[in-house]
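Working notes for the structure below.
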Amino acid sequence: MPPRLAWRAAELAGIDNETATARTLRFRVPGWPGHLAGQHVDVRLTADDGYTAQRSYSLAAPADGDLIELTVEAFPDGEVSPYLTEVIEVGDQVEVRGPVGGWFVWRPESKAPVLLVGGGSGIVPLMAMIRARRQAGSRVPFRLVYSLRDQDRRYYAEELRRPDPGLDVTYLYTRSAPPETSRPAARIMLDDLAESGWPATFEPDCYVCGPTGFVEAAADLLVALGHAPERIRTERFGPTGGS
Ligand SMILES: Cc1cc2nc3c(=O)[nH]c(=O)nc-3n(C[C@H](O)[C@H](O)[C@H](O)COP(=O)(O)OP(=O)(O)OC[C@H]3O[C@@H](n4cnc5c(N)ncnc54)[C@H](O)[C@@H]3O)c2cc1C
């Protein structure tokens, strides 16, 4: 079996709370082969009676040796995400398989401007791209358009506030907008991408990630603005895995 398809032991080495419902988990995976920004892993849990469940999670950052980082949002009635966001403790073990995916990736040697469009936890692989750009010292201009319910749902809030030359960040709130913003709370619209994205004439590489409905809406808006479909890469965070 190719090594990336083999299950590997992963020990939880650290936890950060992103929001009231999302946590970033750092796992130590001996023998981790490295990965590209945008790829994901499959995580497998095994209960004492041998019952297993697996789900896909995007890698949130470039690999740091054998340490990998995931950010998981809790689905209250879910099977796997409540365990990862509420139960697992440092020192506990799961299994991971990957890295998976070769299309929804950003490579540091790429020279095209980049437009990242994320909805909710769809920010995770886009953040990996932002971090990979910074780590590589790339000067490629990036724009991030991040759609989320309200301010309390922001992942990586402090890091995205810090100056990062060449990176522009725009928040779009869908349920409740902070008083200092002029845009009323609403789902992503044509004007949002026209104002905060790149013009299609710049020929940016576009990466769109989030729940399926969000991804389809945002990709349609990009096409309507004249972006070439082959420059629009999408990742849908629909239900995954099985038991
Ligand atoms: C490539 C890929 C990468 C992903 N990366 C991340 C990530 O970085 N962070 C993250 O938090 N999640 C990510 N997901 C989603 C993740 O795989 C799980 O679907 C999610 O954690 C729910 O799993 P669960 O076992 O808790 O819920 P389940 O037990 O699978 O489902 C519980 C209920 O929620 C519904 N449901 C499950 N998942 C979703 C969903 N994503 N959208 C809408 N309804 C859903 C189910 O239909 C069911 O009704 C990714 C999905 C894909 C395909």
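Can you confirm whether Ala136 is open to solvent by 40 Å² or more (accessible area, probe 1.4 Å) and either touching a helix residue (DSSP H, G or I) at 6+ places or on another chain (Cβ under 6 Å) or of a type in the set (A, V, I, L, M) (or both)? Yes: the conditions hold for Ala136.
Looking across region 111-126, the residues that are open to solvent by less than 10 Å² (accessible area, probe 1.4 Å), over 8 Å from the mean Cα position of the chain (by Cα) and aliphatic (A, V, I, L, M) come down to Val114, Leu115, Leu116, Val117. Could you check, for region 97-106, whether at least one of its residues is of a type in the set (D, E, K, R) and within 15 Å of the ligand (Cβ to nearest atom)? The answer is yes, given that some residue of region 97-106 is of a type in the set (D, E, K, R) and within 15 Å of the ligand (Cβ to nearest atom). Name the residue that is farthest from Ala132 (Cα to Cα), counting only residues in region 47-61 that are in a strand (DSSP E or B) and open to solvent by less than 20 Å² (accessible area, probe 1.4 Å). Out of the qualifying residues, it is Ala53. The set of residues in region 147-186 being touching a residue at least 60 places away in the same chain (Cβ under 8 Å) and of a type in the set (Lys, Arg) consists of Arg153, Arg154. Test Gly238 against the criterion of being part of a helix (DSSP H, G or I), surrounded by fewer than 17 Cβ atoms within 10 Å (Cβ to Cβ) and either under 17 Å from the mean Cα position of the chain (by Cα) or in contact (Cβ under 8 Å) with a residue 12 or more places away in the chain (or both), and give yes or no. So Gly238 does not fit the description; no.
Checking each residue in region 204-228 for being loosely packed, with under 13 Cβ neighbours inside 10 Å and under 22 Å from Val140 (Cα atoms) picks out Gly226, Ala228. The number of residues in region 79-92 being open to solvent by 30 Å² or more (accessible area, probe 1.4 Å) and not in a helix (DSSP H, G or I) comes to 5.
Note on region 145-170: residues that are open to solvent by less than 30 Å² (accessible area, probe 1.4 Å) and within 16 Å of the ligand (Cβ to nearest atom) amount to 5. For region 36-46, the condition of being assigned to a loop (DSSP other than H, G, I, E, B), within 12 Å of the ligand (Cβ to nearest atom) and of a type outside the set (Val, Ile, Thr) holds for at least one residue.
Just to be sure, is Ala53 closer than 30 Å to Ala194 by Cα and either near the ligand (Cβ under 9 Å from one of its atoms) or in contact with a helix residue (DSSP H, G or I) (Cβ under 7 Å, 6 or more places away or on another chain) (or both)? Spelling it out, it is not the case that Ala53 is closer than 30 Å to Ala194 by Cα and either near the ligand (Cβ under 9 Å from one of its atoms) or in contact with a helix residue (DSSP H, G or I) (Cβ under 7 Å, 6 or more places away or on another chain) (or both). Of the residues making up region 62-72, one or more are more than 11 Å from the ligand (Cβ to nearest atom), assigned to a strand (DSSP E or B) and at pLDDT below 95. Can you name the residue in region 192-218 that is part of a helix (DSSP H, G or I) and within 16 Å of the ligand (Cβ to nearest atom) and is also nearest to Arg55 (Cα to Cα) among such residues? Step by step, filter region 192-218, then rank; the result is Thr212. Taking Ala20 and the conditions (1) open to solvent by less than 40 Å² (accessible area, probe 1.4 Å); (2) touching a residue at least 60 places away in the same chain (Cβ under 8 Å); (3) part of a loop (DSSP other than H, G, I, E, B), which numbered condition does it fall short on, given that it satisfies the others? Every condition holds for Ala20 apart from (1).
The values are calculated or read from the model by the stated rules, or taken from the named source; none is laboratory data. Note that the structure is predicted; figures quoted are calculated from it, not measured. Note: ideal-geometry Cβ built from the backbone for every residue, glycine included; neighbour counts use all protein chains shown. Note: areas computed on protein heavy atoms with side chains; ligands, DNA, RNA excluded. Shrake-Rupley method; radii C 1.70, N 1.55, O 1.52, S 1.80 Å.
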